[in-house]
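These notes concern the structure reproduced below.
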Amino acid sequence: MKDIVVIKCGGSTIAELSTEFFKSVVNMQQSGKHPIIVHGGGPAINQLLQKLDIKSEFVDGLRKTTEDVLDTAEMVLCGKVNKQVVTSLYQAGGQAVGLSGCDGKLLEVRPINEGMLGYVGEPISVNTSLLTSLMDLQMIPVIAPIGMNNEGVHYNVNADSAAAAIAKELEAEQLVFVTDVDGILKDGKCLDKVTAEEIEAYIADGTIYGGMIPKVKAALLTLTDSLQSVMIMNGKSTNVGKNGSVQGTTIIKTKMKQFVS
Ligand SMILES: Nc1ncnc2c1ncn2[C@@H]1O[C@H](COP(=O)(O)OP(=O)(O)O)[C@@H](O)[C@H]1O
Ligand SMILES: CC(=O)N[C@@H](CCC(=O)OP(=O)(O)O)C(=O)O
């Protein structure tokens, strides 16, 4: 849908997001757009896992999730981080509703590879009417990336893939990944634009690794006719959603051909 802007706030930056950042989301809504926030919380999950002495490891940016890890992730994402984001939007003058992917069957998921990753799910459907109803009420949906299968089993979902699925199903106008780096870096420089082909090469040669992998993979899955580019930007920037003035990396399907008349 035109005017929907899905903003994924990474756990890497969420504790440092400024009041101005949240005000820019509220201003975006007041100017007639419909922002939706999907948040992560990897570092906060790590902290509690450490306190509880529960081990976890990552495979290509995805956390192997045992039952204990799932319980911890759900407590942190749905209990703590989600309500912090709702509160920050309230303090910035907005009205927000916090949900996880289990509420109203917002995110139906299936396991990616139960043997290798345990309770890690990938989205297969999104309850878009729940989100549009909230937006019609001028509420900003704030979504924690825990999903459920059709039998009610909960799964840990990478927040980048949750944001991408939501943007795709809603045919959003923009998808923005807010993280702790300026964009995709190569040899220390932030790339202005990258194509799908370049991304494949950068993953293969190790330029893109770790937590950037789920982000770029999610971005590529989302690129459609309605959503022609995906932005990766730094949470230190305070002007999310203002086209043209935001610094970061734009991911596009393929480089525009130059036509000569
Ligand atoms: N080419 C790259 N450019 C920038 N960051 C990269 C790149 N490859 C890997 N990364 C890593 O990806 C991280 C961002 O992903 P992640 O830590 O999962 O953040 P978030 O919590 O915001 O999703 C960066 O901090 C950086 O360490
Ligand atoms: C399956 C999986 O990896 N889930 C993530 C969910 C949180 C997340 O994605 O947080 P970031 O945005 O900070 O990366 C995790 O457990 O860390």
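P(r) for region 98-169: what percent of alpha-carbon pairs falls in each 10 Å bin, starting at zero?
Each 10 Å bin holds this share of Cα pairs: 22, 54, 20, 3, 0.
Computing the accessible area with a 1.4 Å probe over protein heavy atoms, can you report the carbon and sulfur percentage for the chain?
Within the chain, the accessible surface is 50 percent carbon and sulfur.
Can you tell me the equivalent ellipsoid semi-axes for the chain? Use √(5λ) from the Cα gyration tensor, largest first, whole Å.
Equivalent-ellipsoid dimensions as semi-axes: 26, 23, 18 Å.
Keeping all protein chains in place, calculate the accessible area per residue for region 1-103 (probe 1.4 angstrom), answer in Å².
It amounts to 47 Å² per residue over region 1-103.
Bin all alpha-carbon pair distances of region 23-123 at 10 Å intervals from 0 and give each bin's fraction as a whole percent.
14, 39, 30, 15, 2
Quick check on my link table: of 64/186; 8/193; 8/51, which ones sit more than 22 Å apart, alpha carbon to alpha carbon?
64/186; 8/51
May I ask for the percentage of alpha-carbon pairs in region 1-75 that lie more than 15 Å from each other?
For region 1-75, the fraction of Cα-Cα distances above 15 Å is 64 percent.
Taking the Cα centre of the chain as the origin, how large is its charge dipole in debye, to the nearest 20, when only Lys and Arg (+1) and Asp and Glu (-1) carry charge on their Cβ atoms?
640
The values are calculated or read from the model by the stated rules, or taken from the named source; none is laboratory data. These numbers were taken from a predicted model, which means no experiment stands behind them. Cβ coordinates were reconstructed from backbone atoms using ideal geometry, including for glycine residues, and neighbour counts include every protein chain displayed. Remember, those area values only see protein heavy atoms, side chains included, never the ligands or the DNA or RNA. Shrake-Rupley method; radii C 1.70, N 1.55, O 1.52, S 1.80 Å.
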